[in-house]
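Visitor: Let me begin by handing over the structure; questions about it come next.
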């Protein structure tokens, strides 16, 4: 359960958005919309704790453990994968996939069609394939809050379907997801258009 | 005449393909390694135990049977790298890029061997382990060129641009090395270290020369064998996900 | 035997030990690398 | 404690896979050293007088190369964002990264400077002092390099070396004078160097954490 009150974020004395308030209830899928530069990515970074100098309050309440931090799964634009390591080595040391045993990760990689790339270097893979490595971490993890920045970008149709169905399972499973995307997503229970909050 | 041309073209095309090279090298390796081992043992034993001892230096000069072959192998590997670099840049043959990557560490280790054995040999004759004379300095620079190639290769992520960069460096290095050698020689005549007599090989007698030639041949054979093995290892790393390599790995062991 | 080597053949033995070390390193590195790859490929096939 | 161990093995794996981070300081150090005999003079007793200073200058310049490799790669590919999301204490991250960077770039140089006994005719009885002061000095230099790298994450790298070199001037002075004394007396300079190290470790690592935070405003 995430409640946000009066959140505003200034970037070099220009307010990206001002007093934004909404609640994130378990089992809810919020789509962030807005034209480029309206602060969608910034909002996601603020919510997950990367950017700290915002005004207003963000509270992670009740069912999250005291730490609260590792209940959030963040999927950013940047892949955070090490190019000169192999896929398996990346998964072993990636902090999005710790606590998940390797067999589940391998299953997800197989469903996304990466089963025979386990030992190849990440630098040899295409952007889409790198994206799939992280998405397999996403599919295998069970956190309560997911903050996804353009999750379906660079993906082929078939993988898009797999990931969307996975998002749906997570929603039904009680976790809540905020994601940014340009195309309309029918599953979204609530839309937030950041242009309304722009100054 | 054009039949000959086709044969060359076929051979050239085959030389470039990894599976063909991998199977040929697995047949070639046993014979070459036995031959290399034989020559090495004969040359070393003949040189160290049976050739006459030098009038001036006694038995110390026997280091020549390891120092000179190592130095000559180090030099020729570098020029082989330069030729492979040229072949890669002009004809884009990926086997040449792989050759550079595989041979560079071998060249570096033999240059290091030549350097250290030269220093050990220099100690009794010159009184100090190291003298900044022309040959040793240019061998040190050669070692740095090898390390530069190894370092440059590993700083690239994708193999193709790594091969490209490394072949350019190998070619440029090969052009510079004689220039460096000449300038170091010229510098050496200026800074003639007065207190140390620069060691010049006196005309070597024939009983000493034959074992030396055998040793040099042995070292070249050894480098050939090591090169084959290094290239096979490099082919394995590059072709790990390809089916032809998996078939080989599965069915033959 | 050892004294014989130490007092007048020290440098020769030093160099030959060094040569053997360099040859061994160059011999073993590719073999280890090749076996590591073969082993990793094999356990992909078996899982 | 398990985070530190896990993070340490992650860093070691990343560094070991990219051998150019290890090789370039080595090449740079050796080339710097060979410049002096070629340019100045190759007379043994003159070189042995210059040796301590030369070694320290080359170690300092070689330390400059590794400034970029400490934080830049993780900043560019987004791993730093993950550390913030997972709430790791950046102090631990910074300390581990600097230490691993020291192991892979500075330690080979210290071993290499033992060979200066031959190349630069460095007097053997002073070797122990040299190695001791190098251990302390390179650690301090790595910390200053990390701070310079953290401050100039996005910017060009000339700025970073312009930050790091003035900071490590005292290290150069203390280090080179420490290694001119023979082994028996652990001199005043080595004590000063270790004092500087214990002084700079906490302060510089906190400054690094702040500097990285700067890039997340």
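Visitor: Could you let me know the centre-to-centre spacing of region A:80-158 and region D:1-15, using Cα atoms, in angstrom?
Guide: So the separation of the two Cα centres works out to 20 Å.
Visitor: Continuing with this model, one more query. Counting only C-alpha contacts under 8 Å and six or more residues apart, can you give the relative contact order of chain B as a whole percent?
Guide: This gives 32 percent for chain B.
Visitor: At what distance in nm do the modelled label points of residue D:180 and residue B:76 sit from each other, each positioned 7 Å from its Cα along Cα→Cβ?
Guide: 5.0
Visitor: How many nm is it between the label spots at residue D:216 and residue B:50, if each spot is 7 Å from the Cα in line with the beta carbon?
Guide: 7.3
Visitor: Starting with the fewest neighbours, write out A:167, B:34, D:59, B:179 ranked by other beta-carbon atoms found within 10 Å of each beta-carbon.
Guide: Result, fewest neighbours first: B:179, B:34, A:167, D:59.
Visitor: Okay, moving on. Would you mind computing, in nm to one decimal, how far apart the modelled labels at residue D:43 and residue B:220 are, each placed 7 Å from Cα along Cα→Cβ?
Guide: In this crude label model, residue D:43 to residue B:220 measures out at 4.4 nm.
Visitor: Using 0.36 nm per residue, how much length does the chain from residue B:4 to residue B:20 gain when fully extended, once their Cα-Cα distance is taken away?
Guide: 3.7 nm
Visitor: Another question, then. Sort chain A into rounded, prolate or oblate with this rule: let a ≥ b ≥ c be the square roots of the eigenvalues of the Cα gyration tensor; rounded if a/c is under 1.5, and if a/c is not under 1.5, prolate when a/b is larger than b/c, oblate otherwise.
Guide: Prolate.
Visitor: Could you tell me how far the Cα centroid of region B:1-70 sits from the Cα centroid of region B:78-131, in Å?
Guide: Result: 15 Å between the Cα centres.
Visitor: Within 10 Å of each Cβ in peptide D:70-78, how many partner chain Cβ atoms are there on average? Round it to a whole number, please.
Guide: 3
Visitor: Roughly how far apart, in whole Å, are the Cα centres of region D:127-193 and region D:19-80?
Guide: Each part reduced to its Cα centre gives a spacing of 12 Å.
Visitor: Using just the helices of chain B, give the 222 nm mean residue ellipticity in deg cm²/dmol: DSSP H runs with n ≥ 4 each add -39,500 (n - 2.57), and the total is spread over all residues, rounded to 500.
Guide: -28000 deg cm²/dmol
Visitor: In a GNM of chain D with a 10 Å cut-off on Cα contacts, which of D:196, D:153, D:13 has the highest mean-square fluctuation?
Guide: D:13
Visitor: Roughly speaking, what is the stretch gain from residue A:153 to residue A:126, that is 0.36 nm per residue apart minus the C-alpha to C-alpha distance, in nm to one decimal?
Guide: Additional length available on full extension: 8.4 nm.
Visitor: For every helix of n ≥ 4 consecutive DSSP H residues, a contribution of -39,500 (n - 2.57) applies; sum these over chain D, divide by its total residues, and give [θ] at 222 nm rounded to the nearest 500 deg cm²/dmol.
Guide: -26000 deg cm²/dmol
Visitor: Next question, about the same structure. For residue B:164 and residue A:15, what is the calculated FRET efficiency with R₀ set at 60 Å and r taken between the beta-carbons, to the nearest 0.05?
Guide: Taking R0 as 60 Å, the efficiency between residue B:164 and residue A:15 is 0.80.
Visitor: What number, in percent, do you get for the relative contact order of region D:2-214 if the mean sequence gap of Cα pairs under 8 Å and at least 6 apart is divided by its residue count?
Guide: Computed over region D:2-214, the figure is 26 percent.
Visitor: Quick check: the angle from helix D:169-178's long axis to the longest principal axis of chain D, C-alpha only, nearest 10 degrees?
Guide: The angle comes out at about 40 degrees.
Visitor: Rounded if a/c is under 1.5, else prolate if a/b is larger than b/c, else oblate: which is chain D, with a ≥ b ≥ c the root eigenvalues of its Cα gyration tensor?
Guide: It comes out prolate by the Cα gyration axes.
Visitor: With r defined as the distance between the Cβ atoms of residue C:27 and residue A:78 and R0 fixed at 41 Å, what FRET efficiency is calculated, to the nearest 0.05?
Guide: FRET efficiency, residue C:27 to residue A:78: 0.45.
Visitor: To make sure I understand, if each residue's beta carbon is the centre and we count other beta carbons within 10 Å, what order do B:67, A:77 fall in, fewest to most?
Guide: Lowest count first: A:77, B:67.
Visitor: Related question: As I understand it, the value is the acute angle between the Cα axis of helix D:127-151 and the longest principal axis of the Cα atoms of chain D; what does it come to in degrees, rounded to 10?
Guide: 30
Visitor: Most fluctuating residue of D:26, D:85, D:171 in a GNM of chain D with Cα springs under 10 Å: which is it?
Guide: Answer for the Gaussian network model of chain D: D:85.
Visitor: Students often check this: by mean Cβ neighbours within 10 Å, which of B:110-121, A:21-32 ranks highest, and how do the rest follow?
Guide: Descending mean neighbour count gives B:110-121, A:21-32.
Visitor: Something else: Can you put B:91, D:56 in order of Cβ neighbours within 10 angstrom, beginning with the fewest?
Guide: Ranked by crowding around the Cβ, least crowded first: B:91, D:56.
Visitor: Share of antiparallel DSSP beta bridges in region A:2-197, in percent to the nearest 5?
Guide: So the antiparallel bridges in region A:2-197 amount to around 40 percent.
Visitor: A further question on this structure: Can you order the peptides D:73-81, B:163-171 by their average number of other Cβ atoms within 10 Å per residue, highest first?
Guide: Result, highest mean Cβ count within 10 Å first: B:163-171, D:73-81.
Visitor: Take peptide D:17-25, look around each residue's Cβ out to 10 angstrom, count Cβ atoms belonging to other protein chains, and average those counts.
Guide: 6
Visitor: At a Förster radius of 30 Å, what calculated FRET efficiency corresponds to the Cβ-Cβ distance of residue B:206 and residue C:17, to the nearest 0.05?
Guide: In this case the efficiency is close to 0.55.
Visitor: Which of rounded, prolate, oblate describes the protein assembly as shown, given a ≥ b ≥ c as roots of the alpha-carbon gyration tensor eigenvalues and a/c under 1.5 marking rounded, otherwise prolate only if a/b is larger than b/c?
Guide: Note, shape of the protein assembly as shown comes out oblate.
Visitor: Per residue of chain A, what 222 nm ellipticity follows from adding -39500 (n - 2.57) for every DSSP H run with n ≥ 4, rounded to the nearest 500?
Guide: -8500 deg cm²/dmol
Throughout, read-outs are computed from the coordinates displayed, never taken from laboratory work. A quick note: this is a predicted structure, and the numbers were derived from the prediction, not measured. Cβ sites come from the backbone with ideal geometry, for glycine too, and all protein chains shown count toward neighbours.
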